[in-house]
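S.K.: One structure follows; several queries about it will come next.
The values are calculated or read from the model by the stated rules, or taken from the named source; none is laboratory data. Keep in mind that this is a model prediction, so the values were computed, not measured. Reconstructed Cβ throughout: ideal geometry from the backbone, glycine too, with neighbour counts over all protein chains shown. Only protein heavy atoms, including side chains, enter the accessible area calculation; ligands, DNA and RNA are left aside. Shrake-Rupley method; radii C 1.70, N 1.55, O 1.52, S 1.80 Å.
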Amino acid sequence: MMNHQIIKFTPTPEQLCWTFGGREPVMEVEPGTILEVFTEDCFAGKVRSETDLVSEVCEFPSLNPQTGPFYIRGAEPGDTVVAHFIEIEPARDWAVSTTVPLFGALTSTHLTATLQDPLPEIVWIWELDRKTRQCRFRSNVGEFSVELPMDPMHGTVGVAPANLEVRSALVPDAHGGNMDTPELRAGVTCYLGVNVEGALFSLGDGHARQGEGESCGVAVECAMNTVLYLDLIKGTSTPWPKLESDKYLMTTGSARPLEDAFRIAQVEMVDWVASLCGIGRMDSYQLVSQLVESPLANVCDTNYTSVAKVNRQYLGDISAPYGSAHQHARQVAADYLSGR
């Protein structure tokens, strides 16, 4: 039976948030609340045609707007926020992708300075068929087109950072932020460590789909209508964001160079598996080394993000992570969807 409060929130343009930390909350919510929210695309809806160049219609640093932050009552440093994604659905029948000069994995950037000219600034408008769950790509040169499966996700989800920091919504780090992992899809639970009172949870940067690594720096960007369940685990810390699905346990690391992002995710997984399975750390290191999948989330942001995935079927009869928080959230989601 559904007994959770349901709150619908659509931010006005003035309420869009561009940072994690440094912003007053848009509202307070109780743990156990279901949020029905609208998130704007990373260009705040300003890129709508092939002639709308980001450099002309957007003004840095007003990129990647977030919906939030939401103050979660009772959240204190050392706790963990549980954010379970029930539905992530494109709010429009189109999405946009671009190349941006001096941004992306295959170009010079301000951090990787070379004498090469920047790549050209080009816009692609993707058609979204929400009934058939397809995204249509059309080439700008030639007559090629193809439909790719829709796989909606949120590139950005996080809480306020620690130590009074204010971080751009473009940056991933230990607080979450712009991790850009395709693993953040419906049916997945995200665990985030609380750093400040109320946690100050935000989300945004919806993608109709994205390849691993987000090589050009821009996915199939679209506004989203998202339903998520927010809960709180008291007295349990989460130093780096973790994800859980029905099939996988996942850890993340965000840093530069890429090796450090990889190492963070792998160490987090080694320690998690050791704890869940009741085995030694070096035993876990051996097991994870032979079992882990290591998709890249992004190799284009201010920090890169790496993911470590372990198929839970190979971990035996493990204790349920975070006190079965994912299984509880899945039941809440099922009740919500059946009662709608």
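S.K.: Please tell me if Ala297 is aliphatic (A, V, I, L, M), over 30 Å from Leu102 (Cα atoms) and in contact (Cβ under 8 Å) with a residue 24 or more places away in the chain.
M.R.: For Ala297, the condition - aliphatic (A, V, I, L, M), over 30 Å from Leu102 (Cα atoms) and in contact (Cβ under 8 Å) with a residue 24 or more places away in the chain - is not met.
S.K.: Starting from residues that are assigned to a loop (DSSP other than H, G, I, E, B) and among the polar types (S, T, N, Q), keep the ones in the range 148-202 and report whichever is surrounded by the fewest Cβ atoms within 10 Å (Cβ to Cβ).
M.R.: My answer is Asn163.
S.K.: Still on this structure: If you check Arg281 against the conditions, is it open to solvent by 10 Å² or more (accessible area, probe 1.4 Å) and in contact with a helix residue (DSSP H, G or I) (Cβ under 6 Å, 6 or more places away or on another chain)?
M.R.: yes
S.K.: I need the full set of residues from the range 186-216 which are small (Gly, Ala, Ser) and farther than 22 Å from Val299 by Cα, in order please.
M.R.: Ala186, Gly187, Gly193, Gly198, Ala199, Ser202, listed by residue number.
S.K.: Has the range 217-232 got at least one residue that is modelled with pLDDT under 95 and more than 14 Å from Ile88 (Cβ to Cβ)?
M.R.: yes
S.K.: So which helices (runs of 4 or more DSSP H) stay within the range 244-340 end to end and still have 3 or more residues that are of a type in the set (A, V, I, L, M) and under 25 Å from Glu87 (Cβ atoms)?
M.R.: 325-338
S.K.: Hey, another quick one. Residue under question is Ser55, and the condition is that it be surrounded by fewer than 15 Cβ atoms within 10 Å (Cβ to Cβ), more than 26 Å from Ala329 (Cα to Cα) and touching a strand residue (DSSP E or B) at 6+ places or on another chain (Cβ under 8 Å); does it hold?
M.R.: No.
Each row is one residue, and each column tells you yes or no for (1) open to solvent by less than 40 Å² (accessible area, probe 1.4 Å); (2) more than 17 Å from Ala199 (Cβ to Cβ); (3) in a loop (DSSP other than H, G, I, E, B).
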residue: Gly22; (1), (2), (3): no, no, yes
residue: Glu28; (1), (2), (3): no, no, no
residue: Val37; (1), (2), (3): yes, no, no
residue: Gly45; (1), (2), (3): yes, yes, yes
residue: Ser49; (1), (2), (3): yes, yes, yes
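S.K.: Still on this model: How many of the residues in the range 28-51 are touching a Phe, Trp or Tyr at 6+ places or on another chain (Cβ under 9 Å) and on the phi < 0 side of the Ramachandran plot?
M.R.: Total meeting the criteria: 10.
S.K.: Can you tell me which residue among Gly177, Gly187 is farther than 23 Å from Leu63 by Cα and touching a Lys or Arg at 6+ places or on another chain (Cβ under 8 Å)?
M.R.: Gly187
S.K.: Would you confirm, using the coordinates I've provided, whether Thr226 is of a type in the set (S, T, N, Q) and within 14 Å of the chain's Cα centre (by Cα)?
M.R.: yes
S.K.: Another question, then. Going by what's in this entry, would Val37 be described as of a type in the set (A, V, I, L, M), within 21 Å of His207 (Cα to Cα) and at pLDDT 95 or above?
M.R.: Here the answer is yes, as Val37 does meet what is asked.
S.K.: When the range 307-340 is examined, which residues are found to be open to solvent by 50 Å² or more (accessible area, probe 1.4 Å) and closer than 19 Å to Lys242 by Cα?
M.R.: The answer is Gln313, Tyr314, Ser319, Gly323, Gln327, His328, Arg330.
S.K.: Additional query: Please count how many residues of the range 221-237 are open to solvent by 10 Å² or more (accessible area, probe 1.4 Å) and not in a strand (DSSP E or B).
M.R.: Number of matching residues: 4.
S.K.: So, one more: Go through the range 293-306 and count every residue that is surrounded by fewer than 19 Cβ atoms within 10 Å (Cβ to Cβ) and modelled with pLDDT of 95 or more.
M.R.: 3
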